[in-house]
1. So in the range A:3-96, what percent of DSSP beta bridges are antiparallel if you round to the nearest 5?
2. What share of the DSSP beta bridges in the protein assembly as shown is antiparallel, in percent to the nearest 5?
3. Give or take rounding to whole Å, what are the principal axis extents of the alpha carbon atoms in the range A:3-96, in descending order?
4. In a Gaussian network model over chain B where Cα atoms closer than 10 Å are linked, find which of B:GLN129, B:GLN121, B:GLN194 has the largest mean-square fluctuation.
5. In percent, how large is the relative contact order of the range A:3-96, given Cα pairs closer than 8 Å and 6 or more residues apart?
6. Beyond 17 Å, what share of the Cα-Cα pairs of the range B:91-173 remains, rounded to the nearest whole percent?
7. Report D for the range B:118-158 in µm² per second (integer): Stokes-Einstein, Kirkwood Rh on Cα pairs, 25 °C, 0.890 mPa s.
8. For the range A:260-265, just list the computed ³J(HN,Hα) in residue order, Karplus coefficients 6.51, -1.76 and 1.60, θ = phi - 60°, integers in Hz, with x standing in for Gly and Pro.
Amino acid sequence: MHEIQSKPAPQAEFSRVKCIQGFETIQSEYPVYLSDESKLSPKPFDYLFFPKNEAELAAVLQEMSRQNIKVTIAAARTGLVGGSVPQEGALVSLEHLDQVEAIFYDRSSGEWRVQAQTSVTLKGLDAMLRSKHFPDLEKSEDLLVRQNLEAFKQDPNSYFYPPDPTEMSASLGGSVVTNASGARTYRYGPTRAWVRGIRVFLANGEYLDIPRGKYFASPAGEFVIYRSSGEASSFFIPNYSMPKTKSTAGFFAAPQMDLIDLFIGSEGVLGVVTRVEVALIPREDKVSIVLFLESDEQAIRLTEALRADKRLQLDFLEFYSGNALDLLRNLQTSEPSTVGMPAIPGNAHSAIFIEMSFDPRAESPDYQALDETVTSCGASLANSWAGYETRELDRFKVFRHMIPETINSILAERKKQIPGLHKLGTDMAVPDEYLMEIWELYRSQCEALQLEWIAFGHIGNNHIHVNILPKTMEDLKKGMELYGLFAQKVVEMGGAVSAEHGIGKIKSKFLKLMFSPAQIDQMKTVKDAMDPQGILNPNDIFSLEGSR
Amino acid sequence: MKIVVCVKQVPEVTNVQVDPVTGTLKREGVKSILNPFCEYALDHAVRIAQALGNTEIIAITMGPPQARDVLLRSMELGADRSILVTDRKFAGADTWATAFTLASAIRFAIPDFDLVIVGKQAIDGDTAQVGPEIAEILGLPQITYGIEVVVTSSGRHIRVKREVERGYEVIQAAFPVLVTVSKGEVVRRAPSFQDVLDARKKPVHIITAAELQIPEEELGLKGSFTQVVKVFPPTEKKSTRIVESPESADAAHEIMAFLQERHFLP
């Protein structure tokens, strides 16, 4: 079915929605709403709304449409590309839509699912799943909700929601509209793979309930949306092919695609997601292993070998370059406890970090395949760190996140001397066959320009974050030019210029490297059909100037 | 040298929940770990072994069959072999009965030990009694709350830096001796994955009540001078006030007003 009917929301009075008016008041009393993790500066905007429920959100959207005021949507504000940083008009914070609504077993798919409002955090959801304690559901007046919860508690297994973007304070809805990914995307795919349903409010205040597997583009690529007034709008999905890598650049498109996939990763420019339904899978015991290596090139060879060995099922495959380990070594020299791990071995000039299933009670665990593959690349399981208790997994995770945090603090210090400086972090992925080639390009170019740089990240998905740490404005200029060169080469290799951070307001110029003007126009056509006045998330993904 | 390290399995949380009806700890979904102070004890043992060479470290625990997990962990962290003292008859043991059983097992299985190292306490019971009781039962000198443990150059004594209320004491004792430790390495060890795999090939020797030839009335609940009558969480003190407000600015205003009212702020 390629036709869908939007429904009117319950009524709420616009005047009763909590609203802070005036940029000066917002600046002085609500400063946290001015930016997100991108630290992008906002432009003056006039209203900050806090709808308590969907009805109030609909009232805000209707009123803003009527007055033709642009609306930026924010939830946890953990994005890195300025998606929720207002540029004009109004900011709507969805933070009060934070209830878990149901946990239930879906018989047709044989999986447990959670239905929750958009602002439930990933961290909060994980804690509830671990403890099987859901305060929102336990006090529910709906008997079925309580019965389903009881059935979940009786299930002897523990369950988890696989997507794990680094920032677990991210909201569930935010992770859906950005198609968030993280280390475990290597095994489980990005957020898209786990979304089973969404509710999305359109700019006119009406909403669509979209379960996965119900609404598909027609063979000609068309969708039709009927409004409750009887009006219809139709549009054709873009006809470009998606890169064969992780990508959060532009709208998802595929022949006869599911409508839900259009909204996942659309960065909120098509509608406001207020409810999501996601799938859970049984939690397994895991072991985290940091394998120390002689060189970055050895890390790449080992990555390729681990990927090629079909006997191995790794949850993630992450990378620390030699210069990343040096950064951590310096921290350990000044204060051994800061890194939280023993001294990094002196012979380690690169490292691969993997996680895989592990039963600590197994009498004779079989890791021969891992041993063989590691040994074949000249490395050794003896030159590693391993941990499997929950506190150990947490400790290793902190270690994994320490590099970007350390880089940020170094740049913050430099910024005090030279305010114009900022970090340049790539977020690009290439197809498997180009991993060594892109690495050689990154390394040779950064070295040739004598820039300080550090590489780490999701090497299993050929998605290495190259961070350039400029010391001078001249470094920054050279780094920006290099960034452009990297993006161009990545596109030539069939990769993505934004593999997980999205485009937002910061990376739209790179979108133009990946998509032709005609393809960007196809995206705008979809945007125009959903949001004819162009009020939602202005300047995210593409500038609205020139929109039809 | 033979070093015995006594270890214990504890819940992997500090904030365990108590079943209000039965008064017992809720253990569903709570994983178990090696007591952190026992990990420190192993760390001291490994340092001594590294300094001396030709040293054997034996981890020992009393507990149900699943306590084997902490022995595996101990062997990952450096113990060469381990002993699991397990029997239904040991159930319900208080600190004395536990110490008595462990001491008997040490005497039975490792009569030629030189040094016993014990974490100062377990993070679940927090009694800090078992170590000193083992020393008493085995007739050993004991040094408690150690933070540095070294063998003197003569090789005949242990020298322990221990924490006291206003500083440190350094005490020396002749072997055999028991030391309890309160701290270990600055940063906890991380075994290699090879260590983890190798630990599963090291021997775990199981000892039952029958082998120890102790009268039943000395074991478990029967051999305990004390019994846990009730377990309950401490009553929450209500002195904390949490300001809940949908908007941070409102909350900040309320906190400001409160502080001004109490003259903490002008």
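1. On the way: 4 of 11 bridges.
Antiparallel bridges: around 35 percent, rounded to the nearest 5.
2. On the way: 82 of 119 bridges.
Antiparallel bridges make up about 70 percent of those DSSP assigns within the protein assembly as shown.
3. 38, 31, 24
4. B:GLN194
5. 35
6. Values: 1815 of 3403 pairs.
Distances greater than 17 Å cover 53 percent of the Cα pairs.
7. Working: Rh = 11.7 Å.
Result for D is 210 µm²/s.
8. My calculation for the range A:260-265 gives 4, 6, 5, 7, 5, x Hz in order.
Here, each number is a calculation from the coordinates, and none is a lab measurement. None of these values were measured; they are calculated from a predicted model. Cβ coordinates were reconstructed from backbone atoms using ideal geometry, including for glycine residues, and neighbour counts include every protein chain displayed.
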